[in-house]
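Below is one structure, written out as structure tokens; the observations come after it.
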Amino acid sequence: MTSAIVDGLNEGQRAAVTAPPGPVLVLAGPGSGKTRVLTHRIAYLVNELHVPPWRIMAMTFTNKAAREMMHRVEGLLGGRVKGLTMGTFHSICARILRREAERVGLTRDYVIFDTADQRALMKVVITEDLNLDDKRYPPERVLGRISNAKNELIRPDGYRPSDYFDEIVKRAYQYYEARLIANNAVDFDDLLMHTALLFREHHDVLARYQNSVDHVLVDEFQDTNAAQYELLRLLTARSKNIFCVGDEDQSIYRWRGADYRNINRLRRDFPELQTVLLEQNYRSTQVILDAAQAVIDRNTHRTPKRLFTDREGGPKIVLYEAHNEQYEAEFVVEQIALLVKAGEAEPGQCAVMYRTNAQSRALEDAFIRHNLPYRLVGATRFYGRREIKDVLAYLRIIHNPDDSLSLMRVINTPPRGIGDKTIASLQAWAESNGISLFEALTQLSSDPSAGPLDGRARRALGSFAEMLNGWRAISRNMAVGDLLKLVLDETGYLGWLDDGSEQGRERVENVMELVNVAAEAEDLPLQEFLEEVALVSDVDTLTEDVNAPSLMTLHAAKGLEFDVVFLVGLEEGVLPHQRSIEDPDAEQMAEERRLMYVGMTRARKYLYLVYCFRRTVWGESSVNMRSRFIDDIPPELLVPPHAAFPGMPDIGGPPRRMGGPPRVRSSAQMEIDLGESAIRTGMRVLHPKFGEGIVVASRMSGDDQEVSVMFDEAGLKRLMVSFANLTVLDG
DNA sequence: CTGATGGGCCTTTTT
DNA sequence: GGCCCATCAG
């Protein structure tokens, strides 16, 4: 019996899958079969321990991972598994909150505000509620602090300001929460915080969930934050059946509150915790593993792991210096074409990964130039596009009329003669009567004597209100797709979008795409449709049915694998990102290193590391050093492009200087060296004011050279060589 | 009230 | 280089 489930698993995996009930932590390297362990564990619980599927809850990082895992569990158990809860933390919390909405001051019709909605709402808070300048107090910065607080489960009244800015943040937080509730809305962080606090503060609710959920499983445990951890802790406090899978070396979400110290908390809160270590890798060749290991080994404070595989050897890793990002993209496309032609890879098994979304443009251009299809993950999020947000705003008001933010968004989109002044007096009237914007609108249109405004403005508002109420009346009995078509039809939105320009056509197409999505979701209630749309992640859009290379950020690449992986933009300032170089907190640099590690370990067979001599950022071209991470890789593992695989033609230009001792000068520095400045990276210099320091970075800025110097006393400074009066001590 | 124009700021990374 | 926003003329 057992054999059916654990067949083909190695010893470690088997130990994890068949561990007796109780807290279990599986610390596993990349490609060690984490997903496999998780799916087999679920199958084991159901089949061997006879746990009813509806008493099992599994949290994943993306919806895609949830879908895949569900699929595999069904494969193992031979059919549909009824009632098994599987999803992201956010979607599971959204579902719980829908049932318990009243407890946190919402109704079950609440909507989820995305990043853009949050920013818009915060802008109102800062400029109107607090009467402050949103230049001095940028909404994003305020929201950033609030987000951190929420992830730590700190409510407005518990917020402890540590500086003046924080004082403002605290007040903004108070108004912001009030406005969210007034809109019957939550933001992403609220989904977690509300649910965790609900469990913490309402013992009857917690008891109900504790009694109905016997086993909780968590994927990517290293990337959980305090709120998520609290949720897990409370949920499993009675059963103790918590099964976590993670890898601290792949923790790449510290910036949004993820805290891999949760691993220590787990040990503390569940003393009987069983830990299983998985080090065998089934994905990559030994060459790739050795290189990745060399990169990650430089991080301190980690549980040492020694990755191994029986896939001995493997092709060497290709290192290539491109002239600029256009050539870089050109190189990638060329190599993919060659690999495919040589039968070494399928197009769909190739992926290009980069640090920031902005880097996708040059790559896309190259693919388009060569008339080759590609799959872009993320970038300008489909659901972030203006036209999509507009159309969704209509659906959101229909579903939740308290959503004043959405109402404001479309009250005059497309233009229907409701201008700023009209809106202002409507808002003022609503506020003085203590009613929502929608309520005000409805009252104005049904009672001609009520409120301010007359004539044209009033007629415009009236017909808009009528339209909204008409949709609301029939929406319950209508499929989402049909409702959407009705809205588009009655507002004339598409006609307004299509202004004859190329962009207009594109926007219409996007909306039509949304209509398709809605039509496919025919049996989904409006609430769930909106929820799904708000919580899709970038990787969720990665479709398997197109055999084309994928382009994505390193963050989006987590949990995926490909035969061929290109890591591009491996330059100081890009990866590691400039912000982490400047930050004194070494943790940020450590995270960049983990990002590199995640990228490298996505590759099964071929790994390409590519960097640029010059790169254009914001229309300005500059020269960067190649990434320090490259120089951590043993040189004997690296080869130039023409040696990539047998039969590879020598098209990569003359072989570049490969490997060598760390901090070797790339030709990027050579050019600067030949200039008159003669300041190079690695040199010790003396500055009249800052004292002695070492040059850590250098780039050309216009005609001048800009250097970053880490001074022994004064710390990191950026200086222009022509002004700085630096004396070279040694090179 | 609408559409055009130019300035400012920008790029981490995402649910 | 591009997007968002504020400002202004019609």
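The values are calculated or read from the model by the stated rules, or taken from the named source; none is laboratory data. Remember, it's a predicted structure, so these values are computed and weren't measured experimentally. Glycine also receives a Cβ, built like all others from the backbone with ideal geometry; neighbour counts cover every protein chain displayed. Note: areas computed on protein heavy atoms with side chains; ligands, DNA, RNA excluded. Shrake-Rupley method; radii C 1.70, N 1.55, O 1.52, S 1.80 Å.
Read through the list (1) under 21 Å from A:ASP540 (Cβ atoms); (2) open to solvent by less than 30 Å² (accessible area, probe 1.4 Å); (3) modelled with pLDDT of 90 or more; (4) not charged (D, E, K, R), then give the number of the only condition that A:HIS90 fails.
(2)
If you check A:LEU567 against the conditions, is it open to solvent by less than 20 Å² (accessible area, probe 1.4 Å), more than 30 Å from A:GLN335 (Cβ to Cβ) and touching a residue at least 12 places away in the same chain (Cβ under 8 Å)?
Answer is no for this residue.
Within the stretch A:49-72, take every residue that is more than 11 Å from A:ASP219 (Cβ to Cβ), touching a residue at least 24 places away in the same chain (Cβ under 8 Å) and not in a helix (DSSP H, G or I) and give me the one that is most open to solvent (accessible area, probe 1.4 Å). If you could, list the steps in order and put the result at the bottom.
Within the stretch A:49-72, the subset more than 11 Å from A:ASP219 (Cβ to Cβ) is A:49-57, A:63-64, A:67, A:70-72.
Next, only the ones that are touching a residue at least 24 places away in the same chain (Cβ under 8 Å) stay: A:49, A:51-57, A:63-64, A:72.
From what is left, the residues that are not in a helix (DSSP H, G or I) are A:49, A:51-52, A:56-57.
Values: A:LEU49: 68, A:VAL51: 15, A:PRO52: 38, A:ILE56: 1, A:MET57: 13 Å².
Only one residue fits best here, namely A:LEU49.
Considering the stretch A:361-389 alone, what residues qualify as being open to solvent by less than 20 Å² (accessible area, probe 1.4 Å) and more than 12 Å from DNA strand C (Cβ to nearest atom)?
A:LEU363, A:ALA366, A:PHE367, A:VAL377, A:GLY378
Among the residues in the stretch A:200-220, are any part of a helix (DSSP H, G or I) and buried (at least 23 other Cβ atoms within 10 Å of the Cβ)?
Kept after step one, since they are part of a helix (DSSP H, G or I), are these residues of the stretch A:200-220: A:200-201, A:203-212.
This time we only want the ones that are buried (at least 23 other Cβ atoms within 10 Å of the Cβ), so: none.
Within the stretch A:200-220 (the criterion being part of a helix (DSSP H, G or I) and buried (at least 23 other Cβ atoms within 10 Å of the Cβ)), the answer is no, since none of the residues qualifies.
Just give me the residues in the stretch A:558-586 being farther than 26 Å from A:HIS323 by Cα, of a type outside the set (Lys, Arg) and within 18 Å of the chain's Cα centre (by Cα), in sequence order.
Once the filter is applied, which keeps residues that are farther than 26 Å from A:HIS323 by Cα, of a type outside the set (Lys, Arg) and within 18 Å of the chain's Cα centre (by Cα), the stretch A:558-586 yields A:GLY559, A:LEU560, A:GLU561.
How many residues, within the stretch A:619-635, are more than 14 Å from DNA strand B (Cβ to nearest atom) and touching a residue at least 40 places away in the same chain (Cβ under 8 Å)?
9
Kindly indicate which of A:GLY492, A:GLY462, A:GLY455 is farther than 24 Å from A:PHE529 by Cβ and in contact (Cβ under 8 Å) with a residue 12 or more places away in the chain.
Testing whether each residue is farther than 24 Å from A:PHE529 by Cβ and in contact (Cβ under 8 Å) with a residue 12 or more places away in the chain leaves just A:GLY462.
Consider only pairs whose beta carbons are under 7 Å apart and that are at least six residues apart or on different chains; among these, list those whose first residue lies in the stretch A:395-421 and is open to solvent by 50 Å² or more (accessible area, probe 1.4 Å) and among the acidic types (Asp, Glu) and whose second residue is assigned to a loop (DSSP other than H, G, I, E, B) and away from DNA strand B (no atom under 16 Å from the Cβ).
Short answer, once both residue conditions are applied: A:ASP402/A:ASN183; A:ASP402/A:ASN184; A:ASP402/A:SER436.
Consider A:VAL37 against the criteria (1) within 18 Å of A:VAL218 (Cα to Cα); (2) within 16 Å of DNA strand B (Cβ to nearest atom); (3) part of a helix (DSSP H, G or I); (4) open to solvent by less than 10 Å² (accessible area, probe 1.4 Å): it satisfies all of them except one. Which criterion is unmet?
It fails just one condition, (2).
Anything in the stretch A:438-470 that is crowded, with 18+ Cβ neighbours inside 10 Å, within 18 Å of A:THR491 (Cβ to Cβ) and under 39 Å from the mean Cα position of the chain (by Cα)? List them, or say none.
Within the stretch A:438-470, A:PHE438, A:LEU441, A:PHE464, A:ALA465, A:LEU468 qualify.
Of the numbered conditions (1) open to solvent by 60 Å² or more (accessible area, probe 1.4 Å); (2) not in a loop (DSSP other than H, G, I, E, B), A:PHE529 fails exactly one; give the number of that condition.
(1)
Going residue by residue through the stretch A:480-496, is there one that turns out to be within 16 Å of DNA strand B (Cβ to nearest atom) and over 25 Å from A:ASN400 (Cβ atoms)?
Taking every residue of the stretch A:480-496 in turn, at least one turns out to be within 16 Å of DNA strand B (Cβ to nearest atom) and over 25 Å from A:ASN400 (Cβ atoms).
Within the stretch A:83-102, is there a residue that is away from DNA strand B (no atom under 16 Å from the Cβ), touching a strand residue (DSSP E or B) at 6+ places or on another chain (Cβ under 9 Å) and small (Gly, Ala, Ser)?
Yes: one or more hits.
Restricting the first residue to the stretch A:127-145 and requiring it to be in contact (Cβ under 8 Å) with a residue 24 or more places away in the chain, which pairs with a second residue that is within 11 Å of DNA strand B (Cβ to nearest atom) and not small (Gly, Ala, Ser) meet a Cβ separation below 6 Å and a spacing of at least six or different chains?
From residues that are in contact (Cβ under 8 Å) with a residue 24 or more places away in the chain, the pairs are A:LEU143/A:GLN118.
For the stretch A:240-264, give me each residue that is more than 21 Å from A:ALA557 (Cβ to Cβ), of a type in the set (A, V, I, L, M) and in a strand (DSSP E or B).
Result: A:ILE242, single match.
Within the stretch A:11-28, can you find the residues that are open to solvent by less than 40 Å² (accessible area, probe 1.4 Å) and either without any contact (Cβ under 8 Å) to a residue 40 or more places away in the chain or part of a loop (DSSP other than H, G, I, E, B) (or both)?
Residues satisfying the conditions are A:VAL17, A:ALA19, A:GLY22, A:PRO23.
Counting just the residues of the stretch A:125-163 that are under 30 Å from A:ARG95 (Cα atoms) and open to solvent by 40 Å² or more (accessible area, probe 1.4 Å), which one comes out nearest to DNA strand B (Cβ to nearest atom)?
Top of the filtered list is A:GLU140.
When the stretch A:532-572 is examined, which residues are found to be more than 24 Å from A:ALA345 (Cβ to Cβ) and modelled with pLDDT under 90?
If the condition is that a residue be more than 24 Å from A:ALA345 (Cβ to Cβ) and modelled with pLDDT under 90, then A:GLU532, A:VAL533, A:ALA534, A:LEU535, A:VAL536, A:SER537, A:ASP540 are the ones that fit.
With respect to the numbered conditions (1) within 25 Å of A:ALA548 (Cβ to Cβ); (2) away from DNA strand B (no atom under 14 Å from the Cβ); (3) touching a residue at least 40 places away in the same chain (Cβ under 8 Å), which one is the sole condition not fulfilled by A:PHE382?
A:PHE382 satisfies every listed condition except (2).
Report every pair of residues separated by at least 6 positions or lying on different chains whose Cβ atoms are under 8 Å apart, first residue within the stretch A:512-538 and within 22 Å of A:ALA185 (Cα to Cα), second part of a helix (DSSP H, G or I) and within 16 Å of DNA strand C (Cβ to nearest atom).
Between residues of the stretch A:512-538 that are within 22 Å of A:ALA185 (Cα to Cα) and residues that are part of a helix (DSSP H, G or I) and within 16 Å of DNA strand C (Cβ to nearest atom), the close pairs are A:LEU530/A:LEU392; A:VAL533/A:TYR383; A:VAL533/A:LEU392; A:ALA534/A:TYR383; A:VAL536/A:TYR383.
If I filter the stretch A:73-117 down to residues being outside any loop (DSSP other than H, G, I, E, B) and of a type in the set (S, T, N, Q), which single residue comes out as nearest to A:VAL46 (Cα to Cα)?
Step by step, filter the stretch A:73-117, then rank; the result is A:THR85.
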